[in-house]
């Protein structure tokens, strides 16, 4: 034996008020949606019908809760439709029409009227159908799930529907004139037919003159000025530009406003969207591509599917196609700026560089237009890629911040221009350069490449620095680090530690091994054994006075201690974390230097003045 589900209307209303709708005020939107659909249905029967909606607030002199009368001159309902649609949750009075023209209407009577029970306990609906027998019918529904239908003793003069709502005592704030005016204008301000409100203060029209982006203007500048003023009034923001939006997919049109300041690149803008000119949401997030976080838009869609709460769009193929089309409109705007107004594009990039970079990665044509306008941090300062390429045909970059810090000062002093590609999208943009522009050469640069540009020593300088080099190689061997002496700038840098990618990986693995248990340490040992690459290198700078004096020291213990300290200093200056062995070296070195200055063991630290004066042969 089959049984029917029993639905608790009170439970459904609680679900709507606490989990589906954002606030009780949506009852005005739901009534406007039903009125709009009814008017559109009548316009299909009578193409010349204009349609109108009227709200009348009747406040009681004795202070009892007010009554709102909501009237439309739409198609109305027959008795059969009342039983089928008003008493069936989720049923639509437009079902047959939806089969033929799915996107003609907005809402469902059953769901819409349920929202009214959030603010009142009983509804009275009076209706006359344009397709019926001319009778006027009354439907009285109560929040306990019961309803009654009878023929009205006060027939309507023409087809349409009236809804009477008596405010619940705890909901009277949602029935005051100011709030009703605000709600009706908020939700229905772009509807293509008049909305009137009557209160004790009189009668007024509260809707606007339709979508401002569809109005005719005398010039493009007047249009831009008017739309920016509209955006300022709507969002309380002074936008820097406006962009027309249009998509045949979803039948979407509107305007996007360029933000005056850059939001966080992970943020997504909340857009104001209308469905068939009825406000759907002020916080829709899925309308534009993710990279388009530099704009905030207002659009109307006639053929997109709303979610159950009708406060956003359902994620389907139509929305995806509309999103792509709107993204193409934003691309076209940026491409036009690149061609016609590069300075404006530079200003926009300065504000919204991340969004522009993300779009460039996604679109090769746009990439070609903007890549040379994008600014990059380099070892010689900030510059656009166009400025970089004019002076440096080979584009060199380093992909990490630490890698750039390790080379920036020394590379700049040698006249080498290296791009810091550690910022979001920069590495991908530079790697894409030869794919889109085949004549451009791009090269990954690391600290191990720097010594190749340094000046070699003369034969006399090699002889004079040989003792230092021999001690340094012996001291650094346990650290898998070689030694070399060259001349480079700036002279105040005594040493430069350099390693390739494999060397950097090996250092990270060593530090991880020190902090791991035996099992994981064994795994890391295997990885380090398999790691290739050249040993790291400590390059002594003979232009540096300390290095020149060190090369002349005769005390080998003092020379050994100095090499150890210069090695640790080079690691710290290059932003390389010290492993346990290097920390021991640092501690012992500091104690040795202190001991030497205090007159300790001269064999470890050397006495004051050890090493003699003057420089070795060939260093003057």
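Worth pointing out:
- Filtering 337, 359 for residues that are buried (at least 17 other Cβ atoms within 10 Å of the Cβ), without any contact (Cβ under 8 Å) to a residue 12 or more places away in the chain and not assigned by TED's automatic domain parsing to the domain that holds residue 34 leaves a single hit, 337.
To keep it simple, each residue is scored yes or no on (1) assigned by TED's automatic domain parsing to the domain that holds residue 66; (2) at pLDDT 95 or above; (3) outside any loop (DSSP other than H, G, I, E, B); (4) more than 45 Å from the chain's Cα centre (by Cα).
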| site | (1), (2), (3), (4) |
| --- | --- |
| 157 | yes, no, no, yes |
| 163 | yes, yes, yes, no |
| 178 | yes, no, yes, no |
| 183 | yes, no, yes, no |
| 187 | yes, no, yes, no |
| 193 | yes, no, no, no |
| 198 | yes, yes, yes, no |
| 216 | no, no, no, no |
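- Among residues that are over 30 Å from residue 116 (Cα atoms) and either part of a loop (DSSP other than H, G, I, E, B) or modelled with pLDDT under 85 (or both), residue 290 is included.
- Screening the range 450-473 for residues that are surrounded by fewer than 13 Cβ atoms within 10 Å (Cβ to Cβ) and assigned to a helix (DSSP H, G or I) and picking the one that is modelled with the lowest pLDDT gives 452.
- Filter result for residue 304 (out of contact with any strand residue (DSSP E or B) (no Cβ under 6 Å at 6 or more places or on another chain), in a loop (DSSP other than H, G, I, E, B) and surrounded by 23 or more Cβ atoms within 10 Å (Cβ to Cβ)): no
- Scanning the range 474-489 for residues that are in contact with a strand residue (DSSP E or B) (Cβ under 6 Å, 6 or more places away or on another chain) and assigned to a helix (DSSP H, G or I) yields one hit, 476.
- Among the residues making up the range 402-420, those that are part of a helix (DSSP H, G or I) and surrounded by fewer than 18 Cβ atoms within 10 Å (Cβ to Cβ) are 402, 405, 409, 412, 413.
- The range 421-449: number of residues that are under 21 Å from residue 401 (Cβ atoms), under 29 Å from the mean Cα position of the chain (by Cα) and part of a helix (DSSP H, G or I): 8
- Subset of the range 200-214 that is at pLDDT 90 or above and over 30 Å from the mean Cα position of the chain (by Cα) - its residue that is nearest to residue 257 (Cα to Cα): 205
- Residue within the range 492-500 that is under 35 Å from the mean Cα position of the chain (by Cα), surrounded by fewer than 19 Cβ atoms within 10 Å (Cβ to Cβ), assigned by TED's automatic domain parsing to the domain that holds residue 537 and more than 20 Å from residue 550 (Cβ to Cβ) present: yes
- Residue match in the range 40-48 (condition: modelled with pLDDT of 90 or more, surrounded by 13 or more Cβ atoms within 10 Å (Cβ to Cβ) and touching a helix residue (DSSP H, G or I) at 6+ places or on another chain (Cβ under 6 Å)): no
- In the range 332-398, counting only helices (runs of 4 or more DSSP H) that sit wholly within it, the ones holding 1 or more residues that are touching a strand residue (DSSP E or B) at 6+ places or on another chain (Cβ under 9 Å) and more than 15 Å from residue 436 (Cα to Cα) span 342-362, 385-391.
- Scanning the range 306-334 for residues that are without any contact (Cβ under 8 Å) to a residue 24 or more places away in the chain and more than 25 Å from residue 360 (Cα to Cα) yields a count of 3.
- Residue among 386, 428 that alone is farther than 30 Å from residue 482 by Cα, modelled with pLDDT under 95 and in contact with a helix residue (DSSP H, G or I) (Cβ under 6 Å, 6 or more places away or on another chain): 386
- Counted residues, the range 71-83 - those being modelled with pLDDT under 90, crowded, with 16+ Cβ neighbours inside 10 Å and under 19 Å from residue 116 (Cα atoms): 1
- Single match in 592, 603 (criterion: in a helix (DSSP H, G or I), touching a helix residue (DSSP H, G or I) at 6+ places or on another chain (Cβ under 7 Å), more than 21 Å from residue 484 (Cβ to Cβ) and at pLDDT below 90): 592
- Residue in the range 197-210 that is out of contact with any helix residue (DSSP H, G or I) (no Cβ under 8 Å at 6 or more places or on another chain) and under 14 Å from residue 28 (Cβ atoms) present: no
- Residues that are assigned to a helix (DSSP H, G or I), surrounded by fewer than 20 Cβ atoms within 10 Å (Cβ to Cβ) and in contact (Cβ under 8 Å) with a residue 60 or more places away in the chain, drawn from the range 549-580: 549, 556, 560, 569, 573, 580
The values are calculated or read from the model by the stated rules, or taken from the named source; none is laboratory data. Given the structure is predicted, the values throughout are model-derived calculations rather than measurements. Ideal geometry is used to build each Cβ from the backbone, glycine not excepted, and the neighbour counts take in all protein chains shown.
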